[in-house]
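Comments concern the structure below.
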Amino acid sequence: MTDESTQGTLARPGVYVRGTETVDAILKAAHKVLIEEGVAAFTIRRIASACGLNVGNVSYHFPRKEILIQVLLDDMFNSYDMKLEERVRRADLPPEERLRAVIKMCLDDIGSKRTTRLFTELWALSNHNEFIAERVRLFYQNVHDVFGEYIAALNPRLSADEVRTLSLFISASMEGTTPFLGYHKPWAGQMAAITALSADWFVRLVKNIEPGEIARLTQQEG
């Protein structure tokens, strides 16, 4: 991870121990409420009701719903990291195939019910809550760092700034498919074709782009 993402990781307020029955029940309920019922229902009271606890018990472990968001995002990135270990960080895969695998993994995930609904709700929350907006930014910064690792390996001539720009471009392009191709979205049936196009096109872009080309294009369009 980059210094930016590491320095942005904040200590978590609240009192909770991962793996305990109560905390796991709260997190499971929070995840379900946010996905199935949306932002309007995402309150400590509703989460307490969903997991059969009183409000005081939930508030003891998670005094603010924002802390639940932070933990849910941490858990989601950890699950992605486990998938990276299984599918991407393999000694037999060259950089090109690693980048291709990450792109496919991300688009497959965008097509899932969990990610389609969770992130559209998080984006809505981010519009009005600076804490959640920062947590979401840090989550995506970590995702960009993953892309950057494989972009830099595939085209080592690129500068660090060019790698960051390409990481952002690829990530933003894929995230933009969510309202069109995500779970139960209008063109969800086209996700396989879009995934194939993305994996091929983005890899070719990274392989073939020349150092300084992004700056030249920016000046032409400026």
Quiz item: Counting just the residues of the stretch 155-171 that are among the hydrophobic types (A, V, I, L, M, F, W, C) and surrounded by 19 or more Cβ atoms within 10 Å (Cβ to Cβ), which one comes out farthest from residue 102 (Cα to Cα)?
Solution: 158
Practice problem: Within the stretch 85-105, work out how many residues are surrounded by fewer than 18 Cβ atoms within 10 Å (Cβ to Cβ) and either at pLDDT below 90 or charged (D, E, K, R) (or both). | Solution: 10
Quiz item: Can you name the number of the only condition in (1) within 12 Å of the chain's Cα centre (by Cα); (2) free of Cβ contacts under 8 Å to residues at least 60 places away in the same chain that residue 94 fails?
Solution: (1)
Quiz item: Which condition number in (1) under 18 Å from residue 96 (Cα atoms); (2) touching a helix residue (DSSP H, G or I) at 6+ places or on another chain (Cβ under 9 Å); (3) at pLDDT 95 or above is the one that residue 201 fails?
Solution: (2)
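The values are calculated or read from the model by the stated rules, or taken from the named source; none is laboratory data. For clarity, every value in this text was computed on a predicted model and none was experimentally measured. Don't worry about glycine lacking a Cβ; one is built from the backbone with ideal geometry, like all the others, and counts go over all protein chains shown.
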